[in-house]
Amino acid sequence: MRRRTRGSSGFLAVTTVLGAYLLVPPAHVQSGEVSPPELSCRAAVLIDPETRQLLYQLNADERRPVASLTKMMTALLIAESGKLEQTITVSERAAGVGETTMHLEAGEQAKLRHLLMGAMLTSANDAATACAEAVSGSVEAFVERMNERADELGLTGTHFLNPHGLHHDGHYSTARDMALLAVYVMGRPELRPIMRTRETTVPWPGKPHDRKLVNRNKLLHDWPACDGIKTGYTKQAGDCLAASAYVDGWRLICVVLDSKDKPWDDARALLEWGFDTFYKVALVSKDLTKASIEVEGGAAETVVARATEDIVAVMPRTQTPGDPVLLDHVCQAPVRVGDVVGRLGVAMPNGEMRSVDLVAVEEVAQSPWALILSRQWSYWVMAVLVALAVGVLVHGAAAEAVGARWSG
């Protein structure tokens, strides 16, 4: 018989310690919404890379030229190729790509890592082309892979025609897509050190000195919290910047396209607004969220269960998270450790309901009475009763026959 559960939401207990799993504690509680900063750019996005929540968007899906932000995809494909330490020979085609360059010469040998640093720090177009040829054999094959990867990553507003970002009709992306691409780039441990490098030197064969590479991202030089990512400029695209900042263990990423003033000013204002306006919290913690689940037919009335994964959200500092609610809160004995015994739901900031499995952290055996009433035992009890009845009948018939003989 099902017992009545406590509470209108139909759950026995869900226990968490909110302060113990705030990933970014709210430094202060604001009395009202804080307006985003005034930006000079045409399009912008602010994103939390872990949850992929967009915290700010301006013309996020407008297709535009993105200049050298293109090189983020070039960097991602090079990292995924696993060839960073490979030494390559620069082709005549790569050496001939103009505008911003590392002054590569045809036949020059260079490590792919050093070429990538030239492409990302100084935005060298010859280096980006040499990298593309090294990874895919030709620029055309590399561009094909760039677009395939864009599709795989869900960059639905993006189309590439070259690995460097020099203007070409039909080569475009969006602020949203570039922000998502930046998330993947900063998710690569071999790329993060390159993105945050302010300046370095790499070999320059045949010269009495090394090449000096200075990062064009002024935000990286002026703001210690900044740790990347990529600048971009063409006349058609305007000033563009993908920027990452890391404050108190929390990273935010923004993209600004076609800034009319300075892209680093737009980016810093947007990132600082994000850190000031939002905080990050585990709405459900696999280590700390526990629930008591009702057990039917068990030797114990309830079983303790834990969440199988974290549910993390970024919330305005004006809001507090809602309590998790048990969606499925009754299970059947016997219960083994690790059995899924229920589901826990929690409302996300956008109103979406997310849920997670709850698994038992202890065993609960069937109660003796439940065991007797279970179908398997019912068969045995019925068989015994039938055997006893047959035995009585047989015994009665035998006794009657014996009596008849004596009476005869």
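The values are calculated or read from the model by the stated rules, or taken from the named source; none is laboratory data. Not measured: the values here are computed from a predicted model. Please note: Cβ atoms are built from the backbone with ideal geometry, for glycine as well, and neighbour counts cover all protein chains shown.
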Worksheet item: For Ile229, all conditions in the list (1) over 20 Å from Ala106 (Cα atoms); (2) touching a Gly at 6+ places or on another chain (Cβ under 9 Å); (3) among the aliphatic types (A, V, I, L, M) hold save one; what is the number of the exception?
Response: (2)
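I'd like to check something: does the range 291-302 contain any residue that is in contact (Cβ under 8 Å) with a residue 24 or more places away in the chain, closer than 24 Å to Gln53 by Cβ, assigned to a strand (DSSP E or B) and in contact with an Asp or Glu (Cβ under 7 Å, 6 or more places away or on another chain)?
Restricting attention to the range 291-302, the residues satisfying the condition of being in contact (Cβ under 8 Å) with a residue 24 or more places away in the chain are 291-302.
Among the residues that remain, those that are also closer than 24 Å to Gln53 by Cβ are: none.
Checked the range 291-302: no residue is in contact (Cβ under 8 Å) with a residue 24 or more places away in the chain, closer than 24 Å to Gln53 by Cβ, assigned to a strand (DSSP E or B) and in contact with an Asp or Glu (Cβ under 7 Å, 6 or more places away or on another chain).
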Discussion item. Out of Gly157, Gly170, I need the residue that is at pLDDT 95 or above, at positive phi, in the same structural domain as Ser259 (by TED's automatic domain parsing) and not in a helix (DSSP H, G or I). Which one?
Written reply: Gly170
Discussion item. Could you go through the range 54-75 and let me know if any residue there is part of a helix (DSSP H, G or I), among the β-branched types (Val, Ile, Thr) and either on the phi < 0 side of the Ramachandran plot or at pLDDT 95 or above (or both).
Written reply: yes
Worksheet item: In the range 330-355, what residues are in contact (Cβ under 8 Å) with a residue 60 or more places away in the chain and surrounded by 20 or more Cβ atoms within 10 Å (Cβ to Cβ)?
Response: Leu344, Val346
Item to complete: Mind listing whichever residues of the range 79-95 are in a helix (DSSP H, G or I) and under 18 Å from Ile194 (Cα atoms)?
Response: Ala79, Glu80, Ser81
Worksheet item: Given (1) surrounded by fewer than 20 Cβ atoms within 10 Å (Cβ to Cβ); (2) modelled with pLDDT of 95 or more, where does Asp261 come up short, assuming only one miss?
Response: (2)
Practice prompt. Residue by residue through the range 355-370, note down the ones that are at pLDDT below 90 and either over 45 Å from the mean Cα position of the chain (by Cα) or under 10 Å from Ala307 (Cα atoms) (or both).
Written response: Pro368, Trp369
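Yes or no, residue by residue, for (1) in the same structural domain as Trp250 (by TED's automatic domain parsing); (2) farther than 22 Å from Asp48 by Cα; (3) crowded, with 18+ Cβ neighbours inside 10 Å; (4) in contact with a Cys (Cβ under 6 Å, 6 or more places away or on another chain):
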residue: Arg188; (1), (2), (3), (4): yes, no, no, no
residue: Ile194; (1), (2), (3), (4): yes, no, yes, no
residue: Thr200; (1), (2), (3), (4): yes, yes, no, no
residue: Lys207; (1), (2), (3), (4): yes, yes, no, no
residue: Asp210; (1), (2), (3), (4): yes, yes, no, no
residue: Pro224; (1), (2), (3), (4): yes, no, no, no
Worksheet item: So Leu115 fits all but one of (1) outside any helix (DSSP H, G or I); (2) over 25 Å from the mean Cα position of the chain (by Cα); (3) among the hydrophobic types (A, V, I, L, M, F, W, C); what number is the exception?
Response: (1)
Worksheet item: Of all residues in the range 250-268 being part of a helix (DSSP H, G or I) and out of contact with any Lys or Arg (no Cβ under 8 Å at 6 or more places or on another chain), which is nearest to Pro224 (Cα to Cα)?
Response: Arg268
Discussion item. Step by step: first the residues of the range 106-151, then only those that are touching a residue at least 24 places away in the same chain (Cβ under 8 Å) and of a type in the set (Asp, Glu), then the one that is farthest from Met195 (Cα to Cα). Which residue is that?
Written reply: Glu108
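Quickly run through the range 96-112 and pick out the residues that are hydrophobic (A, V, I, L, M, F, W, C) and assigned to a loop (DSSP other than H, G, I, E, B).
Those that are hydrophobic (A, V, I, L, M, F, W, C) and assigned to a loop (DSSP other than H, G, I, E, B): Val97, Met102, Leu104, Ala106.
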Response to the item:
Within the range 250-264, residues β-branched (Val, Ile, Thr) and over 24 Å from the mean Cα position of the chain (by Cα) come out as none
